[in-house]
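The values are calculated or read from the model by the stated rules, or taken from the named source; none is laboratory data. The structure presented is a predicted model; accordingly, all values stated were derived computationally and were not measured. No Cβ is skipped: glycine too gets one built from the backbone with ideal geometry, and neighbour counts run over all protein chains shown. Remember, those area values only see protein heavy atoms, side chains included, never the ligands or the DNA or RNA. Shrake-Rupley method; radii C 1.70, N 1.55, O 1.52, S 1.80 Å.
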Amino acid sequence: MESKFKILGHGAHPILIVFPLGLLATAAIFDIIYMLTNNQQIANAAYWMIAAGVVGGIVAAVPGFVDWFAIPKGTRAKRVGLIHGLGNDVVLILFGLSWWLRRDTADHAPESVAFILSMLGVGLSLFTGWLGGELVERLGVAVHDGAHLDAPNTLSGRPARDRE
Ligand code: HEM
């Protein structure tokens, strides 16, 4: 099933998800480094990465929802997409709460609850990210109909099932 929300012929969601995935995962790693080193600059960097990651996740969710709505009802892809989407909403809420709890701490350092929330968020994102890969690689969501190894360039306007 082709993506319904594209940028230059490719699904917008897989392009935009690099922001939440990269920023939130790195923020969680920085939280662990902060807990081990007490380095205030690391804590401050994590705070701003969470803010940017949550905003990036909200933006990336829009084309994700558009594609999910287009998936036919009653399919495994519809179910997996629902768990993936709702799960990622929870990921964004966990990181959002973690960010909120550290807005007034010194250098925005995470205290125990904020730290636990970001660990829960990154843990859940491993599962929801895997479901995302299942949607594309196994269930063919956002893959061009007839895609094959010798398909012509997307921007050529020719169908993927053609040969180059
Ligand atoms: C933090 C937010 C999100 C992240 C990090 C995320 C991550 C991912 C990842 C890693 C993939 C696989 C991409 C690939 O293998 O090329 C994916 C695909 C997908 N995700 Fe998400 N996702 C998020 C939110 C959502 C939401 C809210 C929905 C709505 C139901 C959604 C629907 C989809 C769909 C339908 C696909 C299949 C590919 C596509 O249609 O673009 N995602 N997502």
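For S3, which of the numbered conditions (1) surrounded by 20 or more Cβ atoms within 10 Å (Cβ to Cβ); (2) assigned to a helix (DSSP H, G or I) fails to hold?
(2)
Select from the stretch 81-94 the residues that are open to solvent by less than 40 Å² (accessible area, probe 1.4 Å) and either of a type in the set (D, E) or within 9 Å of the ligand (Cβ to nearest atom) (or both) and write down the one among them that is farthest from G123 (Cα to Cα). Outline the logic, then answer.
As a first pass, look at the stretch 81-94 and keep what is open to solvent by less than 40 Å² (accessible area, probe 1.4 Å): 81, 84-85, 87, 91-92, 94.
Pick out the ones that are also either of a type in the set (D, E) or within 9 Å of the ligand (Cβ to nearest atom) (or both) and you get 81, 84-85, 87, 91-92.
Working: G81: 18, H84: 14, G85: 15, G87: 11, V91: 9, L92: 12 Å.
Within the stretch 81-94, the match that is farthest from G123 (Cα to Cα) is G81.
Looking at I42 and the list (1) open to solvent by less than 50 Å² (accessible area, probe 1.4 Å); (2) closer than 20 Å to T128 by Cα, which single condition is not satisfied?
Going through (1) open to solvent by less than 50 Å² (accessible area, probe 1.4 Å); (2) closer than 20 Å to T128 by Cα one by one, I42 breaks only (2).
Residue under question is A109, and the condition is that it be within 17 Å of the chain's Cα centre (by Cα) and either of a type in the set (D, E) or open to solvent by less than 70 Å² (accessible area, probe 1.4 Å) (or both); does it hold? I'd like the intermediate steps shown before the answer.
Values: within 17 Å of the chain's Cα centre (by Cα): no; either of a type in the set (D, E) or open to solvent by less than 70 Å² (accessible area, probe 1.4 Å) (or both): yes.
Here the answer is no, as A109 does not meet what is asked.
Name the one entry in A28, A12, A77 that is within 16 Å of the ligand (Cβ to nearest atom), more than 30 Å from G146 (Cβ to Cβ) and under 18 Å from the mean Cα position of the chain (by Cα).
After applying the criteria, what remains is A28.
On the basis of being of a type outside the set (G, A, S) and either without any contact (Cβ under 8 Å) to a residue 24 or more places away in the chain or touching a His at 6+ places or on another chain (Cβ under 9 Å) (or both), does L139 make the cut? It would help to see each step written out before you state the result.
Numbers: of a type outside the set (G, A, S): yes; either without any contact (Cβ under 8 Å) to a residue 24 or more places away in the chain or touching a His at 6+ places or on another chain (Cβ under 9 Å) (or both): no.
So L139 fails the test.
In contact (Cβ under 8 Å) with a residue 12 or more places away in the chain, farther than 17 Å from V91 by Cα and within 16 Å of the ligand (Cβ to nearest atom): does that describe M49?
Against the criterion (in contact (Cβ under 8 Å) with a residue 12 or more places away in the chain, farther than 17 Å from V91 by Cα and within 16 Å of the ligand (Cβ to nearest atom)), M49 does not qualify.
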